[in-house]
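Colleague: This is the structure I have questions about; it appears just below.
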Amino acid sequence: MKRITAPLQEKALRSLKAGDEVLLSGTIFTARDQAHKRLTQSLARRSKLPVALAGQVVYYCGPTGTPEHTVIGSCGPTTSRRMDAFTPALLAAGLKGMIGKGNRSPQTIAAIKKHKAVYFLAYAGCGALLAQFIRSALPVAYPDLGPEAIVRLQVRDLPLIVGIDCRGKSVYPVI
Amino acid sequence: MSTITAARISEAISELCLQAHWHLRRDVARCLKKALRRETNARARRLLQAIIDNAATAQRRKLAICQDTGLPAVFVELGQQARIRGDLNRAIQAGIRAGYTKGSFRHSIVKDPLLRGEPGVLPAVIHIDIVPGSRVKLTVLPKGFGCENKTQLKMFLPTASLQEIEAFIVDTVRAAGPDACPPYVIGVGLGGTAEAACLMAKKALLKDIAAPDKKLAGHLSALSGRLEKKIDALKIGPMGLGGRTTALAVRIEAGPTHIAGLPVAVSVSCHALRSATKTLV
């Protein structure tokens, strides 16, 4: 299986094809509904983002609380479609990768192609298993959002499937 | 007459939260293993194995099977001869808080649907049925919202054909597609009023999904069998990437309805169908 690192190198990103199974190591950031709303509002106001997203990978994930003696609780992907309304703006701002579950809107697929980004699928409904690939978790923004806060994760060999590649090709049948 | 204290109810609810989130239901585990046995697609097999491994990891490490620990629905069958000492509703909510705190389960509930606000673990939605006897049966169903969002209700005409009804149910699953963690368990509520149909659809998810539903009338049993075949034929498969199993099971609850209507509700559950039940005497 192919190993890749985050933030993604352009050459590695371009080599990924829809359906490829990869192991991701490096730094990613959790962000889901409310964080997306705030980030895009900041972009619209041209104010500074609390996290520099250019070149980064976001993970659509709201983990459980962290039980004692663990790095993170259960932390699987949430449904990506809910982020579609915000995704083109984040991609225009330099975001390069997203991790979630399920299909994306035609507008998001077009934006992925336009900005040469990539969308990965994580094992859906396997939050306890995926927690084993997380080496550290550090909250970095929006703590008032609880599980929807932005958290910086260090991951090691996180198993992913390329859902939509930088040419806009999807692993799913066209919707 | 039996007396059941609020403290016992809280304790039971707290235990049920931990059991539901840490231990995958045996019938669900059996259906997943069966799906793995009959799967021929290599990737679908790997994904089913990951789902099975996830349940084992959750149990061993005391981690929630899924990070979406849901908006718990609590079903109470309250024996009309039972006497509760204390406040039943408060006891249930206190039990949810205790269980969710102990398990470090997610704060997923916002107080106001429009204003949102900082999420917490309360309140659960409580459904109480008065039943004969003196027992109190408690069930916690903490369903995640990825699949809860795929719920559908349609008020059919009383003259609707079975084909139209089947098509609606199958289309609901087709629309959920890869998004809500397939392979799915589908709960169907037929009849009643609009809200009763939705409640029946959700209660159908509490039935054993590995054993035949022997209490179900013959025509409904045949319907669930046909629906399972039609949903599998969608070939959505594990994670929506194709495979032989899209429906781990279809379960049906039906009830009397009005001459002018035929409510049909579909409750879609992800593969991580979690619930736990305890009876207090």
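The values are calculated or read from the model by the stated rules, or taken from the named source; none is laboratory data. Keep in mind it's a predicted model, so treat the numbers as computed, not measured. Glycine also receives a Cβ, built like all others from the backbone with ideal geometry; neighbour counts cover every protein chain displayed. Just so you know, the surface numbers come from the protein's heavy atoms only, side chains and all, with ligands and any DNA or RNA stripped out. Shrake-Rupley method; radii C 1.70, N 1.55, O 1.52, S 1.80 Å.
Colleague: Within region B:228-244, track down each residue that is within 14 Å of chain A (Cβ to nearest Cβ) and either free of Cβ contacts under 8 Å to residues at least 12 places away in the same chain or part of a loop (DSSP other than H, G, I, E, B) (or both). Spell out the reasoning first.
Modeller: Kept after step one, since they are within 14 Å of chain A (Cβ to nearest Cβ), are these residues of region B:228-244: B:234-243.
Once the filter is applied, which keeps residues that are within 14 Å of chain A (Cβ to nearest Cβ) and either free of Cβ contacts under 8 Å to residues at least 12 places away in the same chain or part of a loop (DSSP other than H, G, I, E, B) (or both), region B:228-244 yields B:L234, B:K235, B:I236, B:G237, B:L241, B:G242, B:G243.
Colleague: Anything in region B:248-281 that is under 13 Å from the mean Cα position of the chain (by Cα) and not in a strand (DSSP E or B)? List them, or say none.
Modeller: B:C270, B:H271, B:A272, B:L273, B:R274, B:S275
Colleague: Among the residues of region B:15-57, what is the count of those that are charged (D, E, K, R) and open to solvent by less than 60 Å² (accessible area, probe 1.4 Å)?
Modeller: Step one: list which residues in region B:15-57 are charged (D, E, K, R), which gives B:15, B:25-27, B:30, B:33-34, B:37-39, B:43, B:45-46, B:53.
Narrowing further to those that are open to solvent by less than 60 Å² (accessible area, probe 1.4 Å): B:25, B:27, B:39, B:43.
Number satisfying all stated conditions: 4.
Colleague: Here are the criteria: (1) touching a residue at least 24 places away in the same chain (Cβ under 8 Å); (2) touching a helix residue (DSSP H, G or I) at 6+ places or on another chain (Cβ under 6 Å); (3) within 7 Å of chain B (Cβ to nearest Cβ). Tell me which single one A:G102 does not satisfy.
Modeller: Every condition holds for A:G102 apart from (1).
Colleague: Does A:L121 satisfy being open to solvent by 10 Å² or more (accessible area, probe 1.4 Å) and under 16 Å from B:P238 (Cβ atoms)? Show your work before the answer.
Modeller: Working: open to solvent by 10 Å² or more (accessible area, probe 1.4 Å): no; under 16 Å from B:P238 (Cβ atoms): yes.
No; evaluated as a whole, the condition is false for this residue.
Colleague: Looking at this structure, is A:T40 farther than 16 Å from B:C181 by Cβ, hydroxyl-bearing (S, T, Y) and part of a helix (DSSP H, G or I)? Reasoning before the result, please.
Modeller: Details: farther than 16 Å from B:C181 by Cβ: yes; hydroxyl-bearing (S, T, Y): yes; part of a helix (DSSP H, G or I): yes.
So A:T40 fits the description; yes.
Colleague: With the structure loaded, tell me whether B:G117 is exposed (fewer than 15 other Cβ atoms within 10 Å of the Cβ), modelled with pLDDT under 95, out of contact with any Ser or Thr (no Cβ under 6 Å at 6 or more places or on another chain) and over 26 Å from A:A124 (Cβ atoms) or whether it fails that test. Break it down stepwise before answering.
Modeller: Details: exposed (fewer than 15 other Cβ atoms within 10 Å of the Cβ): yes; modelled with pLDDT under 95: yes; out of contact with any Ser or Thr (no Cβ under 6 Å at 6 or more places or on another chain): yes; over 26 Å from A:A124 (Cβ atoms): yes.
Yes; evaluated as a whole, the condition is true for this residue.
Colleague: Quick check on my filter: what residues within region B:180-210 are surrounded by fewer than 24 Cβ atoms within 10 Å (Cβ to Cβ) and either assigned to a helix (DSSP H, G or I) or within 14 Å of chain A (Cβ to nearest Cβ) (or both)?
Modeller: B:A194, B:E195, B:A196, B:C198, B:L199, B:M200, B:K202, B:K203
Colleague: Here's another thing I want to ask about it. Restricting to region B:54-82, and then to whatever is over 12 Å from A:G125 (Cβ atoms) and at the interface with chain A (Cβ under 8 Å from one of its Cβ atoms), can you tell me which residue is farthest from the chain's Cα centre (by Cα)? Walk me through how you get there before you give the answer.
Modeller: Step one: of region B:54-82, the residues over 12 Å from A:G125 (Cβ atoms) are B:56-57, B:59-63, B:69-82.
From what is left, the residues that are at the interface with chain A (Cβ under 8 Å from one of its Cβ atoms) are B:57, B:61-63, B:69.
Working: B:T57: 22, B:R61: 24, B:K62: 21, B:L63: 20, B:T69: 12 Å.
Selected residue: B:R61.
Colleague: Of all residues in region A:48-82, count the ones that are surrounded by fewer than 20 Cβ atoms within 10 Å (Cβ to Cβ) and more than 10 Å from chain B (Cβ to nearest Cβ).
Modeller: The number of residues fulfilling the criteria is 8.
Colleague: How many residues, within region B:122-147, are in a loop (DSSP other than H, G, I, E, B) and closer than 15 Å to B:L205 by Cα? Spell out how you get there, then give the answer.
Modeller: Filtering region B:122-147 for residues in a loop (DSSP other than H, G, I, E, B) gives B:122-124, B:132-135, B:142-144.
So of that shortlist, the ones also closer than 15 Å to B:L205 by Cα come out as B:142-144.
Total meeting the criteria: 3.
Colleague: (1) open to solvent by 50 Å² or more (accessible area, probe 1.4 Å); (2) within 14 Å of chain B (Cβ to nearest Cβ); (3) among the charged types (D, E, K, R): which one isn't true of A:R32, the others all being true?
Modeller: Exception for A:R32: condition (1).
Colleague: For residues in region A:133-167 being surrounded by fewer than 18 Cβ atoms within 10 Å (Cβ to Cβ) and not in a strand (DSSP E or B), which is nearest to the other protein chains (Cβ to nearest Cβ)?
Modeller: A:D144
Colleague: Among the candidates A:A85, A:A93, which residue alone is modelled with pLDDT of 95 or more and either open to solvent by less than 10 Å² (accessible area, probe 1.4 Å) or over 20 Å from A:P7 (Cα atoms) (or both)? Walk me through how you get there before you give the answer.
Modeller: Details: A:A93 fails: either open to solvent by less than 10 Å² (accessible area, probe 1.4 Å) or over 20 Å from A:P7 (Cα atoms) (or both).
Only one candidate qualifies: A:A85.
Colleague: Which pairs have Cβ atoms under 9 Å, sit 6 or more apart or on different chains, and link a residue in region A:48-66 that is farther than 20 Å from A:Y119 by Cβ and in contact (Cβ under 8 Å) with a residue 60 or more places away in the chain to one that is open to solvent by 10 Å² or more (accessible area, probe 1.4 Å) and aromatic (F, W, Y)?
Modeller: A:P50/A:Y142
Colleague: Let me ask you something else. If I ask for residues that are away from chain A (no Cβ under 13 Å) and in a helix (DSSP H, G or I), which ones from region B:26-44 would you list?
Modeller: Of everything in region B:26-44, those that are away from chain A (no Cβ under 13 Å) and in a helix (DSSP H, G or I) turn out to be B:R26, B:D27, B:A29, B:R30, B:C31, B:K33, B:K34, B:A35, B:L36, B:R37, B:R38.
Colleague: Sticking with this one: Can you name the condition, by its number, that B:A175 falls short on among (1) open to solvent by 50 Å² or more (accessible area, probe 1.4 Å); (2) touching a residue at least 40 places away in the same chain (Cβ under 8 Å); (3) of a type in the set (A, V, I, L, M)?
Modeller: Just one mismatch for B:A175, condition (2).
Colleague: When region A:2-56 is examined, which residues are found to be among the basic types (K, R) and under 18 Å from A:V171 (Cβ atoms)? Explain how you work it out, then say what you get.
Modeller: Taking region A:2-56 and keeping what is among the basic types (K, R), we get A:2-3, A:11, A:14, A:17, A:32, A:37-38, A:45-46, A:48.
Residues satisfying the conditions are A:K2, A:R14, A:K17.
Colleague: Do we find that B:L157 is open to solvent by 20 Å² or more (accessible area, probe 1.4 Å), within 29 Å of A:R38 (Cα to Cα) and touching a residue at least 24 places away in the same chain (Cβ under 8 Å) in this structure? Write out each step before concluding.
Modeller: On the way: open to solvent by 20 Å² or more (accessible area, probe 1.4 Å): yes; within 29 Å of A:R38 (Cα to Cα): no; touching a residue at least 24 places away in the same chain (Cβ under 8 Å): yes.
Spelling it out, it is not the case that B:L157 is open to solvent by 20 Å² or more (accessible area, probe 1.4 Å), within 29 Å of A:R38 (Cα to Cα) and touching a residue at least 24 places away in the same chain (Cβ under 8 Å).
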